[in-house]
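Values quoted throughout were computed directly from the atomic coordinates according to the rules given, and no laboratory measurement underlies them. This one's a predicted model, so the numbers in the text were calculated from it and none came from an experiment. So basically every Cβ, Gly included, is an ideal-geometry build from the backbone, and we count neighbours across all protein chains shown.
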Amino acid sequence: MIRSELDKLLRRPRTWLSLFLLVLLPTVVAFFLAGTHTAPRPGQGTAFLGEVLNDGALYPAAALAIVLPIFLPVSVAVVAGDSVAGEAQLGTLRYLLVRPVGRTRLLAAKLVAVTVFVLLAVVVVAGVSYVVGISLLHNGGGGIPTLSGTQRLGTLAATERTVGSVLFVGWSMLGVASIALFLSTLSDSGLAATLGAISVLIASGVLQALDAARSIQPYLPTRYWLAFVDLFRQPILWRNVDRGIALQAVYVVVFLLLAWANFTTRDVKA
Amino acid sequence: MTDLAVEVRGLTKRYGSVTAVDGIDLAIPVGSRFGLLGPNGSGKTTLVRMLLGLVYATSGTVSVLGEPMPKRAAAVLPRVGALVEGPAAYPHLSGRKNLRLLDAAGPGGRRAGRTERVDAALATAGLDVGRRKVKAYSLGMRQRLGLAAALLHAPDLLLLDEPTNGLDPSGIRELRELLVRLNEAGTTVVLSSHLLSEVEALCTEVALLDHGRIVYAGDLAELRPLTGRVLVGTTEPAAAQAVLGTAVVEVTASSLVVADADVADVNARLVHAGVPVTSLAAERQTLEDVVTGLAPGDGR
């Protein structure tokens with residue numbers, strides 16, 4: 001079942017189109033940076049963009065920061081939101097269930113497929129942007145600078161921190177995927193589930209920018225997304241990274257349980 | 001082992017204030033060709049969905065192939081093939097790939113033998129379309145693909161909801177012949193339809209649903225009793241009326257309705273008098289008459 005879900009995921013033109021769009025944006029940004037050598041002023045614009053001009057090896061982190069606000073969560077919400085509701089919409093859900101595939105098993109297979117997509121997305125973004133970074137932008141010659149002044153990290157430490165940020169962003173996206181997957185079991189329209197998940201993220205972003213909502217801000221799903229930036233400080237600033245991991249874990253567990261409880265007890269009328 | 005393929009007791013399904021299925025009792029013997037007949041919205045599809053464990057009953061019990069549903073779905077459903085509310089497939093894949101995915105998804109779907117199973121199902125359903133994607137299929141081809149999916153694992157019980165949808169007349173005939181063949185080989189066939197002619201052409205037994213209740217269950221021939229009248233087609237209705245006299249109830253330009261249960265007698269009198277008879281048949285109640293006559297609680 002898991003294999004056939006992965007087969008379906010990888011055979012969908014949409015999967016490859018989203019991955020292509022995900023790497024396109026950072027690549028376009030890199031071209032402009034390389035062509036003009038005009039970086040955003042410090043403290044403005046996307047994280048790392050000032051630093052990558054001096055060292056292209058930092059570009060994977062910058063690329064993650066570029067796609068993190070919109071592109072990445074939207075593509076994850078599309079895939080996860082469509083996972084169950086899309087099958088319902090097509091009518092294939094009823095034929096899978098009478099094949100029979102147990103509902104819990106189907107949901108687990110969907111979760112695995114969505115997780116693979118999330119990992120694929122962050123790894124592809126980081127990998128492609130690394131190549132783009134060192135070929136288009138200045139090659140600092142091994143290792144990366146940190147955001148804490150002049151100290152440079154060696155190649156090994158640099159790789160560790162880049163992998164760490166890929167995993168952290170992936171974990172954050174799994175939180176998004178869980179919300180979308182839950183909504184996907186509620187609705188018979190993939191579009192509705194996707195838009196629902198995106199609305200949650202937009203609402204979270206709005207509240208995060210609102211000082212009056214400070215009391216709930218530590219619990220917002222988007223609150224610690226950018227904390228991966230702290231992985232590139234020397235020494236690493238773990239506080240927000242740890243909180244981000246823990247908060248996403250709560251979102252993942254709660255929404256997956258809700259999805260399971262709903263999907264295993266509801267009538268399939270589509 | 002039981003000799004009932006489907007046994008339903010006191011089955012009720014409510015959606016909020018709407019009662020889709022209302023206290024149904026139903027027994028479908030193993031090896032029969034059974035028709036579920038009823039107008040749209042009569043509860044056929046909800047009933048079929050409950051048999052398959054897609055929709056959960058509000059109350060009552062369902063057992064399929066001798067095991068309770070939906071509790072034993074994992075054991076029962078591998079022996080059931082179904083076509084519910086039209087076929088469904090992934091449009092961006094070929095029909096063959098769709099079947100391979102479906103085969104791989106469930107029990108008995110080992111890779112070894114998959115190609116043979118898929119090819120056999122496609123051949124049985126009469127679908128030969130090469131590598132064309134499902135989005136380029138006609139309605140009839142999709143229907144055949146859905147049928148192939150239902151036949152993929154040689155089921156003991158086939159539940160088919162409106163299977164002739166989109167098929168052309170020769171396709172419909174092929175399907176009927178196929179279902180009869182499968183039935184003679186031991187498969188129980190349950191056909192749900194809103195068309196009496198569909199059910200008449202295939203089934204030996206029937207349950208008639210209306211407003212979520214079974215208003216008739218049993219032999220098909222007894223479902224539509226004779227009305228005691230004879231329908232006569234003739235090119236000379238006036239002459240026929242003169243022969244038959246007061247027994248004639250209705251006259252049109254080319255036919256008469258005669259209040260006489262004896263078809264042979266009517267025929268003999270007309271022929272004896274030299275009236276040309278183009279058609280002659282004992283009148284049966286229409287399905288609508290049966291439904292309104294049998295349904296509890298009139299005025300709906």
Under 5 Å between amide hydrogens, which residues at least 5 positions from B:Ser94 or on another chain qualify, with H placed 1.01 Å from N in the peptide plane? B:Val134
Here the net charge surrounding A:Arg12, from other residues whose Cβ is less than 14 Å away from its Cβ (Lys, Arg +1; Asp, Glu -1), is +3
Under a crude label model (7 Å from the Cα following the beta-carbon direction), how far is B:Ser255 from A:Arg214 in nanometres? 8.6 nm
Within 10 Å of each Cβ in peptide B:145-157, how many partner chain Cβ atoms are there on average? Round it to a whole number, please. 1
Quick check: net charge around B:Glu222, other residues with Cβ under 13 Å of its Cβ, Lys/Arg +1 and Asp/Glu -1? -1
Charge dipole (debye, nearest 20) of the range B:1-105; +1 at Cβ of Lys and Arg, -1 at Cβ of Asp and Glu: 320 debye
Which entries in the list B:Lys44/B:Lys97; A:Lys8/B:Lys135; B:Lys97/B:Lys133 go over 19 Å, if you measure between the two C-alpha atoms of each? B:Lys44/B:Lys97
Can you compute 3J(HN,Hα) from phi for each residue in the range A:199-206, using the Karplus curve 6.51 cos²θ - 1.76 cosθ + 1.60 with θ = phi - 60°, rounded to whole Hz and x for Gly and Pro? 4, 4, 5, 5, 4, 4, x, 5
Computed over chain B: relative contact order in percent, which uses C-alpha pairs under 8 Å that are six or more apart: 19 percent
Can you give the relative contact order of the range B:140-268 as a percent, counting alpha carbon pairs under 8 Å and 6+ residues apart? 15 percent
How high is the relative contact order of chain A, in percent, with contacts defined as C-alpha pairs under 8 Å that are six or more residues apart? 25 percent
Mean residue ellipticity (222 nm) of the protein assembly as shown, computed from DSSP H runs ≥ 4 via -39,500 (n - 2.57), nearest 500: -16000 deg cm²/dmol
For A:Gln234, residues with placed amide H under 5 Å, excluding near neighbours: A:Leu147, A:Ser148
Within 14 Å, Cβ to Cβ, of B:Ala123, how many net charges do the neighbouring residues add up to if Lys/Arg are +1 and Asp/Glu are -1? 0
Kirkwood Rh, angstrom, the protein assembly as shown [1 / mean 1/r, Cα pairs]: 28.2 Å
Can you return the aspartates and glutamates within cross-link range of A:Lys269? Criterion is Cα-Cα under 19 Å, with same-chain partners fewer than 8 residues away left out. A:Asp82, A:Glu87, A:Asp188, B:Asp22, B:Glu85, B:Asp161, B:Glu162
Averaged over the residues of B:81-93, the number of partner chain Cβ atoms within 10 Å of each residue's own Cβ comes to 4
Take peptide A:4-17, look around each residue's Cβ out to 10 angstrom, count Cβ atoms belonging to other protein chains, and average those counts. 2
Through the Karplus equation 6.51 cos²θ - 1.76 cosθ + 1.60, θ set to phi - 60°, convert the phi angles of the range A:121-127 into ³J(HN,Hα) values in whole Hz; use x for Gly and Pro. 4, 5, 5, 5, 4, 5, x
If you rank B:Asp22, B:Asp128, A:Asp82, B:Asp262 by fewest surrounding Cβ atoms within 10 Å, what's the result? B:Asp128, B:Asp262, B:Asp22, A:Asp82
If you line up the long axis of helix A:13-36 against the longest principal axis of chain A, both from Cα atoms, how many degrees apart are they, to the nearest 10? 20 degrees
With +1 assigned to the C-beta of every Lys and Arg and -1 to the C-beta of every Asp and Glu, and no other charges, what is the dipole magnitude of the range B:226-284 about the Cα centre in debye, to the nearest 20? 40 debye
Quote the charge dipole size of chain A about the Cα centre in Debye, to the nearest 20; the model charges only the Cβ of Lys and Arg (+1) and of Asp and Glu (-1). 520 debye
